[in-house]
Amino acid sequence: MSTAPPITARSRIRDVYAHPLGRDIIDKLLLQLGRSRRWVTNPIVGGVRLDRLPRWTGGRVDPGFVATLVDLLNQHPDVPVDDDTTPVTPAWWKEAVFYQIYPRSFSDSDGDGIGDLPGIIERLDHLEHLGVDAIWLCPVYDSPNDDNGYDIRDYRAILAEYGTMADFDRLLAEVHRRGMRLIMDLVVNHTSDEHPWFVEALRDPHSPYRAYYFLRPGAGDGSRPPNNWTSFFSGPAWRHYPEHDVWALHLFSSKQMDLDWDHAPMRADVVDMVRWWLDKGVDGFRLDVINYISKRPGLPDGDPTIGELMQFTGVEHYFAGPRLHEHLRQLRREAFAPYDAVAIGETPGVGIELGKLLTGEDRDELDLIFSFDHLEAPGRVRYDDYRYDLRDLRRVLERHQRAHGNRHWPALFFDNHDNPRMVSKVDPRPEHRVAVAKLLATIQLTLRGTPFLYQGQEIGMVNQDFTSIDQLRDVESRNRYADLLAAGRSEQEALADVLAGSRDHARTPMAWDAGPHGGFTTGVPWIAGDGDHQGCNVADSRADAGSVLAWHRALIALRRDLPALVYGAIDFDRSGRGHLWRYRRALGESEVVVVCNLGDRPRRFRTPGAGYALALSSGDSGSRLAAYEARVYVRRADRRD
Ligand code: ISL
């Protein structure tokens with residue numbers, strides 16, 4: 001492992017760009033500004049010294065910014081090892097197709113309108129039929145549900161609405177019986193304010209649990225938050241408890257209290273808890289906002305310029321904190337490694353190089369991470385209302401794929417419970433829905449990495465036609481709506497803004513059939529769908545050979561059949577420009593060529609030639625590619641059949 005030379009205020013932009021984390025930060029800025037790398041690699045900009053930046057930018061960058069940047073970079077000096085000469089080390093989680101379940105909205109077995117564990121068990125046949133290998137179960141722990149389970153009250157209990165621990169044990173056994181695996185959601189950046197640790201910490205200043213959280217006196221006369229950090233869910237990141245004369249840090253909702261990972265007894269408790277679940281036989285975890293766990297000691301104010309750029313103030317002090325790698329290694333060494341369990345980090349804001357440090361085979365931190373760079377078009381944020389041009393998506397994905405050699409393995413996803421549906425973002429016109437859903441599935445299941453499908457994606461579910469804020473449930477959406485009204489926007493404007501990015505688009509009930517509430521519940525669902533299930537549901541999709549579901553099954557089956565689609569190298573065709581995207585996966589003699597039409601008009605293209613057979617086509621297989629059509633060609637050398 002080599003390290004980058006230290007950065008000082010006298011370093012130049014080009015030195016920052018040569019530094020792994022520096023490169024990530026500059027790349028992120030370039031992406032936001034829609035500029036190419038040449039903008040910083042040119043000699044004039046590249047030669048600018050950091051301490052000259054304030055003057056050079058007419059004061060837009062202040063000296064504090066430079067100091068923070070220098071500190072941050074020096075905290076992560078390691079350079080990721082890139083090595084393509086030795087083959088990829090096989091692992092079950094590299095071969096698996098994962099399926100994410102949002103339990104509240106998946107299947108309700110008892111008619112209370114809320115999905116539950118027995119409901120999931122009843123639907124396992126669907127997952128088996130689809131062909132997925134592993135399930136990621138969003139939080140099912142006891143929780144007051146301020147953030148739908150991401151606010152945990154008891155790590156060792158199941159939320160009563162979801163069932164019992166016996167139901168969980170049965171689910172795990174049923175999943176394993178089918179040869180699938182199950183990973184849980186590990187939410188340890190924060191707990192609920194109703195967790196006994198927090199209750200104790202607040203009640204008794206001398207409690208050993210005080211040190212588990214960030215409980216601090218206020219600034220000035222104590223009536224102002226201890227620093228200027230803002231919450232991801234609106235307002236300051238601090239909740240005031242005047243009766244206790246103390247403030248508590250919460251990066252998310254005011255009921256999600258951040259844990260202090262620098263406190264060793266707290267870490268030991270987390271390790272015990274993780275081992276408790278692993279002892280039960282779960283196969284690993286998805287680790288919620290795990291890159292936020294190490295906060296810069298002293299919790300200094302966030303830089304206002306960075307805050308404005310990133311939309312949240314303070315992030316530079318925790319998105320890649322000083323002890324992040326150290327804490328992850330402890331967790332791996334003491335909890336994950338002894339069980340050979342998979343660790344998948346959710347890491348908002350982490351770029352390619354830091355991502356490689358977090359997942360490098362030689363580093364013993366995480367196995368995979370979710371990177372978010374591709375989720376929005378360059379320069380866009382989630383609440384922007386725009387059409388995502390697939391050529392932009394291609395650019396980001398290609399760069400990401402090229403950056404990953406054989407020692408790092410990417411995760412691939414388009415939908416999850418925190419984002420509107422990707423199909424709607426790309427092209428909301430109903431006539432293109434099926435083609436776009438199939439195209440995205442093709443990309444996700446044939447690029448290099450581990451695919452994570454989100455419930456409903458396999459049938460092509462799209463954004464909901466919500467018409468009133470009363471139909472939304474998400475704390476983030478509701479807080480945002482209230483903020484917008486308070487800022488003087490009309491109800492109509494506020495709703496339009498919230499709907500562009502609301503997480504509730506992906507949280508409406510899973511559509512199982514064309515019956516009432518899509519077969520999700522016999523009662524009243526906790527969040528209602530808009531009736532789309534009448535035309536888009538699992539039962540009808542199963543009966544239709546041309547459905548999005550059938551396409552997913554075919555792709556998953558092909559991936560299982562062709563090791564080149566898992567372990568094969570990837571190579572992007574330079575001749576494919578504009579709307580035509582072509583890439584090749586190769587392993588030994590076996591090759592797969594994927595051709596995608598990223599646009600809404602038919603296009604001419606070159607077939608891969610003799611030796612290749614058309615394995616799958618999402619269009620009419622004619623001489624031209626139809627709008628959004630994807631084709632997969634295979635050179636059959638290694639087919640196992
Ligand atoms: O809010 C964000 C910044 O816009 C997101 O990047 C956010 O940090 C990310 O989506 C974190 O999500 C995870 O943690 C949250 C929870 O609400 C989400 O459902 C979960 O996936 C807090 O636990």
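Coordinate-derived values only; no laboratory data. None of the values given here were measured: they were computed from a predicted structure. As a convention, Cβ positions derive from the backbone with ideal geometry for all residues, glycine included, and neighbour counts pool all protein chains shown.
Worth pointing out:
- Theoretical FRET efficiency, 1/(1+(r/R0)^6), r = Cβ-Cβ of VAL45 and TYR339, R0 51 Å, to 0.05: 0.55
- What the Cα atoms of the stretch 74-168 give is an Rg and a Dmax of 18.5, 56 Å.
- Here is the size of the stretch 251-324 from its Cα atoms: Rg then Dmax, 14.9, 47 Å.
- In terms of its Cα atoms, the stretch 335-482 spans 50, 33, 30 Å along the principal axes, sorted from long to short.
- DSSP-defined antiparallel bridges as percent of all bridges, the chain, nearest 5: 65 percent
- Computed log10 I(q)/I(0) for the stretch 454-570 at 0.13, 0.22, 0.23 Å⁻¹: -0.65, -1.12, -1.17, from the Debye equation with unit scatterers placed on every C-alpha and solvent omitted.
- Radius ratio Rg over Rh of the stretch 164-294, counting only Cα atoms, Kirkwood formula for Rh: 1.07
- Around the Cα centre of the stretch 1-154, unit charges on the Cβ atoms of Lys, Arg, Asp and Glu (plus for the first two, minus for the last two) sum to a dipole of about 1940 debye.
- The aspartates and glutamates whose alpha-carbon is closer than 16 Å to the alpha-carbon of LYS28, local same-chain residues fewer than 8 away aside, are GLU308, GLU316, GLU353, ASP373, GLU376, ASP392, GLU398.
- Net charge of Cβ neighbours under 10 Å - reference GLY64; Lys, Arg +1; Asp, Glu -1: -3
- Given charges at Cβ of Lys, Arg, Asp, Glu: the chain dipole, positive-most of MET1, MET310, PRO348: MET1
- Translational diffusion coefficient (Stokes-Einstein; Kirkwood radius from C-alpha pairs) of the stretch 260-407 at 37 °C, 0.692 mPa s, in µm²/s: 193 µm²/s
- Percentage, to the nearest whole number, of Cα pairs in the stretch 490-624 over 23 Å apart: 57 percent
- The calculated pair-distance distribution of the stretch 427-498 uses every alpha carbon pair, bins of 10 angstrom beginning at 0, and gives 17, 32, 27, 21, 3 percent.
- Working from the Cα coordinates of the stretch 203-265, the gyration tensor eigenvalues give, after taking √(5λ), semi-axes of 18, 15, 10 Å in decreasing order.
- 10 Å-binned pair-distance histogram of the stretch 101-145 (Cα, whole percent): 26, 55, 17, 2
- MRE, 222 nm, helices only [DSSP H, n ≥ 4, -39500 (n - 2.57), over the chain, to nearest 500]: -9000 deg cm²/dmol
- Distance histogram in 5 Å bins (all Cα pairs of the stretch 585-641, percent per bin): 4, 20, 29, 21, 13, 10, 3, 0
- Packing, as the average of other Cβ atoms within 10 Å across residues, places the peptides 597-606, 413-422 in the order 413-422, 597-606, highest first.
- Convex hull volume per residue in cubic angstrom - Cα atoms of the chain: 163 Å³
- Derived value for the stretch 472-513: Kirkwood hydrodynamic radius 10.9 Å. Basis is the mean of 1/r over every pair of different alpha-carbon atoms.
- Relative to the Cα centre, the charge distribution of the chain, modelled as +1 at Lys and Arg Cβ and -1 at Asp and Glu Cβ, gives a dipole magnitude of about 3200 debye.
- When each of LYS295/LYS425; LYS255/LYS280; LYS356/LYS425 is checked by Cα-Cα distance, pairs over 32 Å: LYS295/LYS425
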